[in-house]
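K.L.:
Starting off with a structure, shown below.
Each value in this text was obtained by applying a stated rule to the coordinates, not by laboratory testing. Please read these numbers as outputs of a predicted model, since none were measured by experiment. Using ideal geometry, Cβ is built from the backbone for each residue, glycine included, and neighbour counts are taken over all protein chains shown.
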Amino acid sequence: MTLDKKSLFYITSGLFAFGLSVPHIQAQEADVALDPAGYVNKYDTDFDGVGPRVYVLPAPRTREELLTDSYNEKTAFQDSIDRALDFQELIVDFKTTRAEMNVQHLLSPIPSTALAWNELVEREVERGNYNAAYGLLHTYASLSLKEGTIAQTLGLLQSALQHAQKTSNTSDVAVIQYNLANTYLYDRNIQQAGYFQEAYYKTAVQQKSIVDQANSLLKIALIQAHDKDYRSAENNIIRKAIPLLNRAKAYEQKIIAWQTLARIYQLQNKHTEAQWFLIQARDLANSKNFNGELAEIEYMLASSKFVQKNYNVAKKEFLQADELAKSADNKLLQLAIADKLGQIYMTQRDFNNAEVILHNYQDLRTELFGYYLSNYPF
């Protein structure tokens, strides 16, 4: 039976797809090794036609190579995880105004469009009811923030501030300034963040609120650190905020102060100093039974060890942080932990655990960022 060229093409293509060797169309020397890698297990040793006696396919990729590729591919996503953690903190730290409690009767049902919100606010402005106007705007800003619309959130907060300043509600004005400062910092507008945080601090001083002063100083320190004014940032915490918190016996805020100082040292790549203050924070949290920050403290400790390549200790602390994050149902922190823990396993050539952690990472990332990426500004 004689095969035409078209039939021969389909037959050889089919054999190639099933990994079988296929005679081709040129002569080869008989003494050339047909398959040095040893992966071809079926070919016609009597073939003596035109072409090579066998096509040699590349060797199958090893498990290590496949894992290495997967870990390399996810490296670029680390910044998105860090950004999401900052966003999570921004939402948690967003303060409410007193006026919001007085406008709940106007929000049943909650407006479903921007136009409906604007009409509701304008109606209160026309009545001269500025308390209700800024209460509505601040509520709208809070909802916008949770949807990840940063520019809209900033615009609404600015409008709320304008109306709040027409009233005598100094405390609410300060709250809006505080939220503006934090949102601008997230948006990396250092100048505006500093302006509004300083305004909040001045109000805290005037009202003689020690804890609010200390909290504002921590935020000012973070702003200064992002502006690379590390010395001023450190002094604001060590010389000003901590003494205020000691005087107020505000232990929970003091834990956050140590964490903030550690973060500033991490920004400078001073991981030994960062760990010292994180240990202070962890010890205080354990002694006072404040468990809310423990997962993040352990994560920060492990991260510093990771940067220092102290992988065995880092691994232990990441595993501890993971248990705490699971207890707190903080899936975003679990994802950040899996990201770094898997890299340790790869470095130590523990491919079994690296593969398990990679699957955990991929599941968490799909769960969180399948939604986040379409709704949040990361």
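K.L.:
Pop out the ³J(HN,Hα) list for region 112-117 in order, Karplus 6.51 cos²θ - 1.76 cosθ + 1.60 with θ = phi - 60°, rounded to Hz; leave Gly and Pro as x.
P.N.:
9, 9, 4, 4, 5, 4
K.L.:
Let me ask another. Under 14 Å from the Cβ of Y251, count the other residues' Cβ atoms, weight Lys and Arg +1, Asp and Glu -1, and hand me the total.
P.N.:
Value of the local net charge: +2.
K.L.:
Same structure again: Need one number: nm distance between label points at Q152 and T272, each 7 Å from Cα along Cα→Cβ, rounded to one decimal.
P.N.:
In this crude spin-label approximation the distance works out to 5.0 nm.
K.L.:
Taking the Cα centre of region 291-364 as origin, work out the dipole magnitude from +1 charges on Lys and Arg Cβ and -1 charges on Asp and Glu Cβ, in debye rounded to 20. Write out the running numbers ahead of the final one.
P.N.:
Details: 8 positive and 11 negative charges, 67 e Å.
Dipole about the Cα centre, nearest 20: 320 debye.
K.L.:
Can you order the peptides 297-310, 236-249 by their average number of other Cβ atoms within 10 Å per residue, highest first? Don't skip to the end; give the middle numbers.
P.N.:
Numbers: 297-310: 20.8, 236-249: 17.3.
Highest to lowest by the protection proxy: 297-310, 236-249.
K.L.:
Take the alpha carbon gyration tensor of region 291-364, find the square roots of its eigenvalues, order them as a ≥ b ≥ c, and report rounded if a/c is under 1.5; if not, report prolate when a/b exceeds b/c, else oblate.
P.N.:
Note, shape of region 291-364 comes out oblate.
K.L.:
For E126 and V92, what does the FRET efficiency come to when R0 = 35 Å and r is the distance between their Cβ atoms, rounded to the nearest 0.05? Could you put the intermediate results ahead of the total?
P.N.:
Details: r = 35 Å, r/R0 = 1.01.
Efficiency at R0 = 35 Å is approximately 0.50.
K.L.:
Note down the magnitude of the dipole of region 238-336 about its Cα centre, charges +1 on Lys and Arg C-beta and -1 on Asp and Glu C-beta and zero elsewhere, to the nearest 20 debye.
P.N.:
Here the size comes out at about 380 debye.
K.L.:
What full-extension length gain, to one decimal in nm, is calculated for S112 and D69 as 0.36 nm per residue of separation minus the Cα-Cα distance?
P.N.:
That pair, S112 and D69, stretches by 11.0 nm at full extension.
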